[in-house]
Amino acid sequence: MITLEFMNLGKGNNWFIGIIVALIGISSLISCISTPDPKEVIEQKVDSLLSIMTLDEKIGQMSQVRHFKDIIDEDIATKLIGSVIHTQGPLPGNNAKEWQQKFIELQKIALSTRLGIPLLFGVDAVHGQNTYNGATIFPHNIGLGASQNEELVEKIAAITAIEMEATGFNWTFSPCMAIPYNEKWGRVYEAFSESSDLTSKLSIASIRGYQGDVYNDVKVLATAKHYLGDGSTDYGIEGGNTSLSMAEIDSILLPPYRKAVLEGTGAIMVGFNSLLGNTMHANKVMITDTLKNSMGFDGIVVTDWQGYSRFGGNKIIDAGVDMVMAVEGDLDYFQNGLKDAVIDGSIQQDRIDDAVRRILRQKFRLGLFENPFPDTTLYKTIGCEEHRNIARKAVRESLVLLKNNRNVLPLNKETKKIVVVGEHANNSGYQSGGWTVAWQGVWDNYQGATTILEGIQKHSVGLVVYDENGIGDHLDADAAIIVVGETPYAEFKGDIGDGTGYHKLTLNKKHQQYISSYSQKGIEVIVILISGRPLVVTDQINQADAFVTAWLPGSEGDGIAEVLFGNYNFSGKLPHSWPKTIDDISGKYGPNFWDEDYSPLYKFGFGLTYPDKYSNNTVSIAYK
Ligand code: GLC
């Protein structure tokens, strides 16, 4: 309450000012009584809607299906579906406008049901709206980890949210918050770093970018995934068992989730892996007791692919799962199986109500009841110059300079003749990796992307020739830029396992030959590595004059040339320790900075920069 004695008011008009002040005090009192807390308003709406829902409507809300494959459009109403996802397969349309129109049609079907609860449309937009051919594709998270740039990561997520809405989506299954312990895992590139601290910082930035309205009023639901220990399984096996100690789980794996919950992530996806022998999908201690009760997570716990039929049916619901990715034939099995369980009492009604409350809460928070449809003007923003400029900045900041003998870099733009070597130099599919246009990525150029070769041709004033197959027929060149690395993969298809499969920890013989063809020939040899993880390339680093790891840069391959020619300095730092030999990764885990006997080829946080003109050769350890 405002008191008047401290106000040293002039004579004569005391009473008038006193009345004004009193009125201000009363109005502010009324306003804080009359302006209800938005969180409270949402809870009241959730409770009132939940109170009139039937069991079928509740189980329908817990159902997530894949469009085109698992349902016909009418099922949205007959099965009372709560969420639709599109991963790959038949496209929703031939362009963004048609994609939006398709999802608007499905939304109208949902709104035509008795309660008209709007749909959530989910997509794996993990480095841009990467299911759409022509979208801006950013470096995968491992490259963003090398940038260490929280503000940039937030902006990338905000742009991704715009291009998601431009194609009709309001829920992304991102960010992946794995802590990869072993480079043999096929999803190292989806995570930011082996550092829990760096992972927390960049994940929070990502969630804020997706969900906040920091740059625009576009909001989508973020999903912290895959809870818990997906990247820390023994021997880097996707869906394997994580056998860390409880102390490590608590101090390394859980902190990013604690931060994500505090940041208000709308969803958390449980992983395919087991934790100390217990499948995560049915892990009541970790889901209900830890995540929901002690960490206070109030969002949606969603399964991974076919989680219901793969990990114990109603056991996962009892464990605390709220929404089921009921794909590939799981829908009726899930809906009927859960209904029977509620009727026979093996699943409590309260558990169903908790799940549906969480789903409705996120739908209200997204404002879907007021505005269930995407902004149809946004599709013009897809792949726009402004977005691509940010992506190119991310490419520049993701590059890590591991070696620069004789300061062969930065290259002189006037260099008379440069030979660019290797198929990876002119293939935007290769430079983007998995989850690009298709689940497993594409092995060719895609719409709107710029290749590494195109970037070099754009920035060089001299002659640039291309030796795609590395036959070494340009030994009169002054410099050779040799681009080698991995072909795209996603999930278990990228696991290296015992090393006898297609993907290996070393370069293939062909790529090793590219480098041999040009090294020790009096030509400056610059190697650019395109990979989703650190590889064992010690010999190739020794052969090269300069060696750059570019990870999976995405659509803006010309960001690499901007740094090679010195328009920008290197700033990237290794987000992972770099192995010296295959033996470094022969056990359960690869080299990680918290190991006692830590002796990698390059330490976590290593990264050179250009000398003198920019700064001294600096090496900094980023995060412990
Ligand atoms: C996959 C992945 C998960 C993805 C989901 C939907 O199996 O494990 O990261 O979000 O299915 O595509």
When the stretch 144-171 is examined, which residues are found to be of a type outside the set (S, T, N, Q) and outside any helix (DSSP H, G or I)?
166, 168, 169, 171
Within the group 329, 312, 307, 277, which residue is crowded, with 24+ Cβ neighbours inside 10 Å and among the small types (Gly, Ala, Ser)?
307
Exactly one of 63, 83 is at pLDDT 95 or above, within 16 Å of the ligand (Cβ to nearest atom), surrounded by 15 or more Cβ atoms within 10 Å (Cβ to Cβ) and under 30 Å from residue 380 (Cβ atoms), and that residue is 83
Looking at 467, 473, 478, 444, can you tell me which residue is modelled with pLDDT under 95, more than 16 Å from the ligand (Cβ to nearest atom) and among the charged types (D, E, K, R)?
473
Quick one: how many residues across the stretch 210-235 are modelled with pLDDT of 95 or more and more than 15 Å from the ligand (Cβ to nearest atom)?
4
Number of the condition not met by residue 531 [criteria: (1) of a type in the set (Ser, Thr, Tyr); (2) out of contact with any Asp or Glu (no Cβ under 6 Å at 6 or more places or on another chain); (3) surrounded by 21 or more Cβ atoms within 10 Å (Cβ to Cβ)]
(2)
Give me the pairs, please: first residue somewhere in the stretch 228-248 and open to solvent by 10 Å² or more (accessible area, probe 1.4 Å), second residue anywhere and β-branched (Val, Ile, Thr) and outside any strand (DSSP E or B), beta-carbon distance under 8 Å, and either six or more positions apart or on two chains.
239/233; 240/233; 241/233
Does residue 266 satisfy the criteria of being modelled with pLDDT of 95 or more, within 15 Å of the ligand (Cβ to nearest atom) and surrounded by fewer than 22 Cβ atoms within 10 Å (Cβ to Cβ)?
no
With the condition kept exactly as written, say whether any residue in the stretch 471-491 is farther than 20 Å from residue 528 by Cβ, part of a helix (DSSP H, G or I) and open to solvent by less than 30 Å² (accessible area, probe 1.4 Å).
yes
Going by the conditions given, is residue 72 within 17 Å of residue 325 (Cα to Cα), away from the ligand (no atom under 16 Å from the Cβ) and in contact with a strand residue (DSSP E or B) (Cβ under 9 Å, 6 or more places away or on another chain)?
no
Of 93, 134, which residue is more than 16 Å from the ligand (Cβ to nearest atom), in contact with a Lys or Arg (Cβ under 7 Å, 6 or more places away or on another chain), in a loop (DSSP other than H, G, I, E, B) and not acidic (Asp, Glu)?
93
Within the stretch 300-319, which residues are in contact with a His (Cβ under 9 Å, 6 or more places away or on another chain) and of a type in the set (Val, Ile, Thr)?
303, 316
The condition of being touching a residue at least 60 places away in the same chain (Cβ under 8 Å), away from the ligand (no atom under 16 Å from the Cβ) and over 22 Å from residue 264 (Cα atoms) holds, among 168, 145, only for 168
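Let's see how each residue does on (1) of a type in the set (D, E, K, R); (2) in contact with a His (Cβ under 8 Å, 6 or more places away or on another chain); (3) within 23 Å of residue 431 (Cα to Cα); (4) open to solvent by 10 Å² or more (accessible area, probe 1.4 Å):
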{"residue": "139", "(1), (2), (3), (4)": "no, yes, yes, no"}
{"residue": "142", "(1), (2), (3), (4)": "no, yes, yes, no"}
{"residue": "153", "(1), (2), (3), (4)": "no, no, yes, no"}
{"residue": "158", "(1), (2), (3), (4)": "no, no, yes, no"}
{"residue": "176", "(1), (2), (3), (4)": "no, yes, yes, no"}
{"residue": "189", "(1), (2), (3), (4)": "no, yes, yes, no"}
{"residue": "194", "(1), (2), (3), (4)": "yes, yes, yes, no"}
I'd like to know if the stretch 287-295 contains one or more residues that are open to solvent by less than 70 Å² (accessible area, probe 1.4 Å) and of a type in the set (Gly, Ala, Ser).
no
State whether one or more residues within the stretch 376-388 are open to solvent by 70 Å² or more (accessible area, probe 1.4 Å), acidic (Asp, Glu) and under 23 Å from the mean Cα position of the chain (by Cα).
yes
From 330, 318, 298, which residue is within 16 Å of the ligand (Cβ to nearest atom) and either modelled with pLDDT of 95 or more or not assigned by TED's automatic domain parsing to the domain that holds residue 498 (or both)?
330
The stretch 285-373: helices (runs of 4 or more DSSP H) wholly inside it with 2 or more residues that are over 22 Å from residue 51 (Cβ atoms) and in contact with a helix residue (DSSP H, G or I) (Cβ under 8 Å, 6 or more places away or on another chain) are 307-310, 314-319, 330-343
Could you tell me which residue of the stretch 546-600 is farthest from residue 504 (Cα to Cα), considering only residues that are part of a loop (DSSP other than H, G, I, E, B) and among the acidic types (Asp, Glu)?
596
Can you say whether residue 545 is out of contact with any Pro (no Cβ under 9 Å at 6 or more places or on another chain) and under 25 Å from residue 408 (Cβ atoms), as far as the supplied structure shows?
yes
Out of 304, 298, 289, 353, report the one residue that is in contact (Cβ under 8 Å) with a residue 40 or more places away in the chain, charged (D, E, K, R) and under 25 Å from residue 231 (Cβ atoms).
304
Can residue 122 be described as farther than 22 Å from residue 363 by Cβ, at pLDDT 95 or above and within 16 Å of the ligand (Cβ to nearest atom)?
no
Leading residue by the ranking (surrounded by the most Cβ atoms within 10 Å (Cβ to Cβ)) among those in the stretch 403-441 that are aliphatic (A, V, I, L, M) and over 17 Å from residue 526 (Cα atoms)
437
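The values are calculated or read from the model by the stated rules, or taken from the named source; none is laboratory data. Worth saying up front: this structure is predicted, and the values here are computed from it rather than measured. FYI the Cβ positions are ideal-geometry reconstructions off the backbone, even for glycines, and counts take in every protein chain you see. Remember, those area values only see protein heavy atoms, side chains included, never the ligands or the DNA or RNA. Shrake-Rupley method; radii C 1.70, N 1.55, O 1.52, S 1.80 Å.
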